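Participant: Here it is, the structure in full.
The values are calculated or read from the model by the stated rules, or taken from the named source; none is laboratory data. Note that the structure is predicted; figures quoted are calculated from it, not measured. FYI the Cβ positions are ideal-geometry reconstructions off the backbone, even for glycines, and counts take in every protein chain you see.
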Amino acid sequence: MQLGFALWQYIAITLVGANVLYVGVGGAVHWWYYVKNKSNAKRWKIQSSKFLSKKLDREAMWLGLFNMNLASGAFGVIGWGVFEHGWSRLYYDFGSHGWDYTLLSMFLCWLFIETCAFYLHAGGHIGWFYKNIHSIHHRYSAPTFWTISAMHPLEWILHSSYIILPAFIIPMHLYVYGFVVAMTFVLGYWDHCGIKLPRIPLHGSNKFHDDHHKYFHVNFGFTCSLFDRIHNTIRRDGHHYTELSFNGGKGVVKKPEELGSNAVGPVVDY
Ligand SMILES: [Zn+2]
Ligand SMILES: [Zn+2]
(Lines give C-alpha, C1' and ligand atoms only; values in the text may rest on other atoms or scores of the structure.)
(Ligands and ions follow the chains in the order given, each with its own letter.)
Protein backbone atom coordinates (compact mmCIF):
# COMPACT_ATOMS: atom_id res chain seq x y z
CA MET A 1 0.00 0.00 0.00
CA GLN A 2 1.32 3.44 -0.94
CA LEU A 3 -0.58 6.53 0.13
CA GLY A 4 1.87 8.91 -1.52
CA PHE A 5 2.55 11.13 1.50
CA ALA A 6 5.96 12.51 2.43
CA LEU A 7 7.74 11.70 5.69
CA TRP A 8 7.05 15.13 7.16
CA GLN A 9 3.34 14.72 6.46
CA TYR A 10 3.22 11.45 8.43
CA ILE A 11 5.01 13.10 11.33
CA ALA A 12 2.71 16.14 11.19
CA ILE A 13 -0.40 13.91 11.19
CA THR A 14 0.73 11.82 14.18
CA LEU A 15 1.86 14.89 16.14
CA VAL A 16 -1.40 16.78 15.54
CA GLY A 17 -3.50 13.65 16.21
CA ALA A 18 -1.69 12.82 19.46
CA ASN A 19 -1.88 16.39 20.77
CA VAL A 20 -5.56 16.77 19.90
CA LEU A 21 -6.29 13.58 21.87
CA TYR A 22 -3.83 14.07 24.73
CA VAL A 23 -4.04 17.82 25.29
CA GLY A 24 -7.45 18.48 23.72
CA VAL A 25 -9.71 15.62 24.79
CA GLY A 26 -7.69 14.57 27.87
CA GLY A 27 -7.21 18.19 28.96
CA ALA A 28 -10.93 18.97 28.62
CA VAL A 29 -11.93 16.00 30.81
CA HIS A 30 -9.17 16.89 33.27
CA TRP A 31 -10.37 20.49 33.49
CA TRP A 32 -13.99 19.39 34.00
CA TYR A 33 -13.13 17.18 36.97
CA TYR A 34 -9.93 18.59 38.50
CA VAL A 35 -10.79 22.30 38.12
CA LYS A 36 -14.54 22.74 37.70
CA ASN A 37 -15.62 19.91 40.06
CA LYS A 38 -12.66 19.80 42.43
CA SER A 39 -14.91 20.52 45.41
CA ASN A 40 -16.99 17.38 44.62
CA ALA A 41 -13.92 15.12 44.58
CA LYS A 42 -15.56 12.63 47.00
CA ARG A 43 -18.11 11.83 44.32
CA TRP A 44 -15.77 11.25 41.37
CA LYS A 45 -12.16 10.81 42.50
CA ILE A 46 -10.59 7.43 43.35
CA GLN A 47 -8.21 8.95 45.92
CA SER A 48 -10.71 11.62 46.87
CA SER A 49 -8.64 13.38 49.52
CA LYS A 50 -5.34 13.37 47.65
CA PHE A 51 -4.30 15.70 44.83
CA LEU A 52 -0.87 16.22 43.31
CA SER A 53 0.75 19.50 44.27
CA LYS A 54 0.63 22.21 41.59
CA LYS A 55 4.37 21.71 41.02
CA LEU A 56 4.08 17.94 40.52
CA ASP A 57 0.99 18.33 38.35
CA ARG A 58 2.84 20.75 36.08
CA GLU A 59 5.94 18.53 36.02
CA ALA A 60 3.80 15.53 35.01
CA MET A 61 2.17 17.59 32.26
CA TRP A 62 5.45 18.75 30.69
CA LEU A 63 7.21 15.39 31.03
CA GLY A 64 4.13 13.55 29.74
CA LEU A 65 3.79 15.98 26.85
CA PHE A 66 7.47 15.65 25.91
CA ASN A 67 7.32 11.85 25.89
CA MET A 68 3.99 11.72 24.06
CA ASN A 69 5.41 13.93 21.29
CA LEU A 70 8.58 11.85 21.16
CA ALA A 71 6.52 8.68 20.60
CA SER A 72 4.16 10.39 18.14
CA GLY A 73 7.10 11.58 16.03
CA ALA A 74 8.50 8.02 16.03
CA PHE A 75 5.07 6.60 15.12
CA GLY A 76 5.02 9.07 12.19
CA VAL A 77 8.35 7.76 10.89
CA ILE A 78 7.24 4.15 11.33
CA GLY A 79 3.88 4.89 9.70
CA TRP A 80 5.78 6.33 6.72
CA GLY A 81 7.92 3.18 6.49
CA VAL A 82 4.89 0.89 6.84
CA PHE A 83 2.61 2.60 4.34
CA GLU A 84 5.15 3.87 1.82
CA HIS A 85 7.82 1.17 2.00
CA GLY A 86 6.08 -1.98 3.29
CA TRP A 87 8.29 -2.28 6.39
CA SER A 88 5.91 -4.28 8.59
CA ARG A 89 4.10 -7.64 8.50
CA LEU A 90 0.72 -5.91 8.48
CA TYR A 91 -1.69 -6.84 5.69
CA TYR A 92 -4.70 -4.94 4.36
CA ASP A 93 -7.08 -7.54 2.96
CA PHE A 94 -9.29 -9.43 5.46
CA GLY A 95 -9.91 -12.01 2.72
CA SER A 96 -6.28 -13.15 2.69
CA HIS A 97 -6.61 -14.83 6.13
CA GLY A 98 -9.61 -16.51 7.80
CA TRP A 99 -11.55 -15.01 10.73
CA ASP A 100 -10.04 -17.62 13.04
CA TYR A 101 -6.55 -16.35 12.20
CA THR A 102 -7.71 -12.72 12.53
CA LEU A 103 -8.86 -13.42 16.11
CA LEU A 104 -5.71 -15.43 16.88
CA SER A 105 -3.48 -12.59 15.64
CA MET A 106 -5.36 -10.12 17.85
CA PHE A 107 -4.87 -12.42 20.86
CA LEU A 108 -1.15 -12.87 20.09
CA CYS A 109 -0.64 -9.12 19.67
CA TRP A 110 -2.35 -8.45 23.02
CA LEU A 111 -0.40 -11.27 24.72
CA PHE A 112 2.92 -9.90 23.41
CA ILE A 113 2.17 -6.40 24.71
CA GLU A 114 0.80 -7.56 28.08
CA THR A 115 3.72 -9.97 28.67
CA CYS A 116 6.30 -7.26 27.93
CA ALA A 117 4.34 -4.68 29.94
CA PHE A 118 4.12 -6.89 33.03
CA TYR A 119 7.67 -8.22 33.15
CA LEU A 120 9.38 -4.96 32.19
CA HIS A 121 7.23 -3.08 34.68
CA ALA A 122 7.84 -5.63 37.47
CA GLY A 123 11.56 -5.48 36.55
CA GLY A 124 11.38 -1.70 36.94
CA HIS A 125 10.49 -2.31 40.60
CA ILE A 126 13.79 -4.06 41.32
CA GLY A 127 16.12 -1.89 43.47
CA TRP A 128 18.51 -0.17 41.04
CA PHE A 129 16.00 0.14 38.20
CA TYR A 130 13.39 1.55 40.56
CA LYS A 131 15.63 4.10 42.21
CA ASN A 132 17.23 5.33 38.99
CA ILE A 133 14.45 5.05 36.43
CA HIS A 134 10.95 3.88 37.37
CA SER A 135 10.61 5.99 40.56
CA ILE A 136 10.01 9.02 38.31
CA HIS A 137 6.63 7.55 37.27
CA HIS A 138 5.93 6.96 40.97
CA ARG A 139 6.47 10.59 41.94
CA TYR A 140 2.79 10.88 41.04
CA SER A 141 1.16 8.84 43.80
CA ALA A 142 -2.30 10.21 42.95
CA PRO A 143 -2.12 9.84 39.16
CA THR A 144 -3.78 12.14 36.64
CA PHE A 145 -4.03 11.42 32.92
CA TRP A 146 -0.83 13.41 32.26
CA THR A 147 1.03 10.64 34.10
CA ILE A 148 0.29 8.04 31.36
CA SER A 149 3.55 9.10 29.76
CA ALA A 150 5.21 10.98 32.64
CA MET A 151 8.24 8.76 33.23
CA HIS A 152 11.96 8.53 32.44
CA PRO A 153 12.26 8.99 28.62
CA LEU A 154 14.27 5.75 28.37
CA GLU A 155 11.46 3.85 30.07
CA TRP A 156 8.92 5.49 27.77
CA ILE A 157 10.95 4.44 24.70
CA LEU A 158 11.05 0.88 26.06
CA HIS A 159 7.25 0.80 26.56
CA SER A 160 6.64 2.32 23.12
CA SER A 161 8.96 -0.26 21.50
CA TYR A 162 6.98 -3.33 22.56
CA ILE A 163 3.78 -1.69 21.37
CA ILE A 164 5.36 -1.13 17.93
CA LEU A 165 7.15 -4.50 17.68
CA PRO A 166 4.14 -6.83 17.11
CA ALA A 167 3.52 -5.13 13.73
CA PHE A 168 6.95 -6.39 12.66
CA ILE A 169 6.66 -9.89 14.14
CA ILE A 170 3.04 -11.06 13.82
CA PRO A 171 1.25 -11.02 10.44
CA MET A 172 -1.86 -9.00 11.26
CA HIS A 173 -4.53 -6.95 9.56
CA LEU A 174 -3.90 -3.21 9.90
CA TYR A 175 -7.24 -2.73 11.69
CA VAL A 176 -6.50 -5.53 14.18
CA TYR A 177 -3.20 -3.92 15.13
CA GLY A 178 -4.78 -0.44 15.15
CA PHE A 179 -7.54 -1.70 17.48
CA VAL A 180 -5.09 -3.27 19.97
CA VAL A 181 -2.86 -0.16 20.00
CA ALA A 182 -5.87 2.15 20.42
CA MET A 183 -7.10 -0.01 23.34
CA THR A 184 -3.70 0.16 25.06
CA PHE A 185 -3.89 3.96 24.96
CA VAL A 186 -7.54 4.03 26.08
CA LEU A 187 -6.71 1.72 29.00
CA GLY A 188 -3.63 3.82 29.80
CA TYR A 189 -5.94 6.82 30.04
CA TRP A 190 -8.57 4.87 32.01
CA ASP A 191 -5.99 3.71 34.56
CA HIS A 192 -4.17 7.00 35.12
CA CYS A 193 -6.94 9.62 35.09
CA GLY A 194 -7.72 9.12 38.80
CA ILE A 195 -11.47 9.34 38.05
CA LYS A 196 -13.93 6.60 39.06
CA LEU A 197 -14.83 5.06 35.71
CA PRO A 198 -16.87 1.93 34.91
CA ARG A 199 -15.19 -1.49 35.17
CA ILE A 200 -14.18 -2.91 31.80
CA PRO A 201 -14.74 -6.68 31.27
CA LEU A 202 -11.42 -8.61 31.53
CA HIS A 203 -9.63 -5.38 32.50
CA GLY A 204 -11.45 -4.79 35.79
CA SER A 205 -11.53 -1.56 37.78
CA ASN A 206 -9.16 1.34 37.13
CA LYS A 207 -8.55 1.36 40.90
CA PHE A 208 -6.12 -1.52 40.18
CA HIS A 209 -3.45 0.74 38.65
CA ASP A 210 -4.40 3.73 40.80
CA ASP A 211 -3.56 1.47 43.76
CA HIS A 212 -0.24 0.67 42.07
CA HIS A 213 0.61 4.38 42.31
CA LYS A 214 -0.68 4.50 45.90
CA TYR A 215 0.96 1.30 47.22
CA PHE A 216 3.98 1.05 44.84
CA HIS A 217 5.39 -2.52 44.51
CA VAL A 218 2.11 -4.31 43.77
CA ASN A 219 -0.39 -4.67 40.86
CA PHE A 220 2.10 -4.60 37.97
CA GLY A 221 -0.24 -5.67 35.13
CA PHE A 222 -1.32 -3.28 32.40
CA THR A 223 -4.41 -4.41 30.50
CA CYS A 224 -5.47 -7.02 33.08
CA SER A 225 -4.42 -8.71 36.32
CA LEU A 226 -3.58 -12.11 34.73
CA PHE A 227 0.18 -12.10 35.42
CA ASP A 228 -0.32 -10.61 38.89
CA ARG A 229 -2.59 -13.59 39.67
CA ILE A 230 0.06 -16.00 38.36
CA HIS A 231 2.83 -14.35 40.39
CA ASN A 232 0.68 -13.53 43.41
CA THR A 233 1.48 -9.81 43.29
CA ILE A 234 -2.03 -8.34 43.65
CA ARG A 235 -2.48 -6.09 46.67
CA ARG A 236 -3.70 -7.97 49.73
CA ASP A 237 -5.95 -6.62 52.45
CA GLY A 238 -4.20 -6.04 55.76
CA HIS A 239 -0.73 -5.88 54.20
CA HIS A 240 1.24 -2.67 54.47
CA TYR A 241 2.92 -1.15 51.42
CA THR A 242 5.20 1.84 51.03
CA GLU A 243 7.69 2.99 48.44
CA LEU A 244 10.45 1.38 50.51
CA SER A 245 8.72 -1.93 51.24
CA PHE A 246 10.10 -3.83 48.25
CA ASN A 247 8.66 -7.29 48.72
CA GLY A 248 7.68 -8.62 45.32
CA GLY A 249 4.14 -7.33 45.59
CA LYS A 250 3.54 -8.93 49.01
CA GLY A 251 3.97 -5.83 51.17
CA VAL A 252 4.58 -6.23 54.88
CA VAL A 253 2.11 -7.98 57.19
CA LYS A 254 1.33 -5.42 59.89
CA LYS A 255 -1.07 -7.23 62.24
CA PRO A 256 -0.70 -10.98 61.65
CA GLU A 257 -3.08 -11.79 64.51
CA GLU A 258 -5.89 -10.15 62.55
CA LEU A 259 -5.15 -12.15 59.41
CA GLY A 260 -5.53 -15.70 60.69
CA SER A 261 -3.14 -18.61 60.85
CA ASN A 262 -0.98 -17.93 57.81
CA ALA A 263 -1.11 -14.15 57.96
CA VAL A 264 -1.81 -13.82 54.28
CA GLY A 265 -4.60 -11.34 53.73
CA PRO A 266 -7.21 -11.89 51.02
CA VAL A 267 -6.43 -10.61 47.52
CA VAL A 268 -8.25 -7.34 46.87
CA ASP A 269 -10.98 -7.84 44.28
CA TYR A 270 -10.76 -5.28 41.47
ZN1 LIG B 1 5.36 0.93 38.79
ZN1 LIG C 1 1.20 4.27 36.10
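Participant: If I ask for residues that are at pLDDT 95 or above and assigned to a helix (DSSP H, G or I), which ones from region 116-127 would you list?
Facilitator: CYS116, ALA117, PHE118, TYR119, LEU120, HIS121, ALA122, GLY123
Participant: Here is a follow-up. Among what's in region 205-248 and is touching a helix residue (DSSP H, G or I) at 6+ places or on another chain (Cβ under 7 Å) and of a type in the set (Gly, Ala, Ser), pick the residue that is farthest from ligand 2 (Cβ to nearest atom).
Facilitator: Only one residue fits best here, namely GLY238.
Participant: Same structure, new question: Look at region 175-204 and say how many of its residues are within 13 Å of ligand 2 (Cβ to nearest atom), under 29 Å from LEU244 (Cβ atoms), in contact with a Phe, Trp or Tyr (Cβ under 6 Å, 6 or more places away or on another chain) and of a type outside the set (A, V, I, L, M, F, W, C).
Facilitator: Count: 1.
Participant: List every residue pair whose Cβ atoms lie under 7 Å apart, where the two residues are 6 or more positions apart in sequence or sit on different chains, the first residue falls within region 169-191 and is closer than 30 Å to LYS207 by Cβ and part of a helix (DSSP H, G or I), and the second residue, located anywhere, is within 16 Å of ligand 1 (Cβ to nearest atom) and β-branched (Val, Ile, Thr).
Facilitator: Pairs found: THR184/THR223; LEU187/THR223; GLY188/ILE148; TYR189/ILE148.
Participant: Now a separate question. Only residues in region 134-152 that are modelled with pLDDT of 95 or more count as the first member; pair them with residues that are within 13 Å of ligand 1 (Cβ to nearest atom) and among the polar types (S, T, N, Q), Cβ under 9 angstrom, at least 6 apart or cross-chain, and list the lot.
Facilitator: HIS137/THR147; ARG139/THR147; TYR140/THR147; HIS152/SER135
Participant: A further question on this structure: Show me the helices (runs of 4 or more DSSP H) entirely contained within region 1-77 in which 3 or more residues are under 24 Å from TRP156 (Cβ atoms) and in contact with a Phe, Trp or Tyr (Cβ under 8 Å, 6 or more places away or on another chain).
Facilitator: Correct list: 7-19, 26-30.
Participant: Based on what the data block shows, is MET172 surrounded by 22 or more Cβ atoms within 10 Å (Cβ to Cβ) and away from ligand 2 (no atom under 16 Å from the Cβ)?
Facilitator: Answer is yes for this residue.
Participant: Could you tell me whether any residue of region 93-101 is in contact (Cβ under 8 Å) with a residue 12 or more places away in the chain and touching a helix residue (DSSP H, G or I) at 6+ places or on another chain (Cβ under 6 Å)?
Facilitator: For region 93-101, residues in contact (Cβ under 8 Å) with a residue 12 or more places away in the chain and touching a helix residue (DSSP H, G or I) at 6+ places or on another chain (Cβ under 6 Å): absent.
Participant: Just one of PHE227, PHE220, PHE216 is farther than 17 Å from ASP269 by Cα and either of a type outside the set (Gly, Ala, Ser) or free of Cβ contacts under 8 Å to residues at least 60 places away in the same chain (or both); which is it?
Facilitator: Working: PHE227 fails: farther than 17 Å from ASP269 by Cα; PHE220 fails: farther than 17 Å from ASP269 by Cα.
Unique residue meeting the criteria: PHE216.
Participant: From the list GLY127, GLY73, GLY95, GLY86, exactly one residue is within 16 Å of ligand 1 (Cβ to nearest atom), surrounded by fewer than 20 Cβ atoms within 10 Å (Cβ to Cβ) and not hydrophobic (A, V, I, L, M, F, W, C). Which is it?
Facilitator: GLY127
Results for (1) under 22 Å from PHE227 (Cβ atoms); (2) more than 16 Å from ligand 2 (Cβ to nearest atom); (3) in contact with a Gly (Cβ under 7 Å, 6 or more places away or on another chain), shown as yes or no for each residue.
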| site | (1), (2), (3) |
| --- | --- |
| PHE112 | yes, yes, no |
| HIS121 | yes, no, no |
| TYR130 | yes, no, yes |
| ILE164 | yes, yes, no |
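Participant: Mind telling me which of the residues LEU52, LEU56, LEU104 ends up being surrounded by 12 or more Cβ atoms within 10 Å (Cβ to Cβ) and under 23 Å from ILE163 (Cα atoms)?
Facilitator: LEU104
Participant: Give me the pairs: first residue in region 3-16 and on the phi > 0 side of the Ramachandran plot, second residue assigned to a helix (DSSP H, G or I), beta-carbon distance under 8 Å, and six or more apart or on different chains, which are they?
Facilitator: GLY4/GLU84
Participant: Taking the condition of being over 15 Å from SER160 (Cα atoms) and hydrophobic (A, V, I, L, M, F, W, C), how many residues in region 173-187 meet it?
Facilitator: Taking region 173-187 and keeping what is over 15 Å from SER160 (Cα atoms), we get 173-176, 179.
Still in the list and also hydrophobic (A, V, I, L, M, F, W, C): 174, 176, 179.
Final tally of qualifying residues: 3.
Participant: Looking at region 173-206, which of its residues are farther than 23 Å from ASN37 by Cα and of a type in the set (Val, Ile, Thr)?
Facilitator: VAL176, VAL180, VAL181, THR184, ILE200
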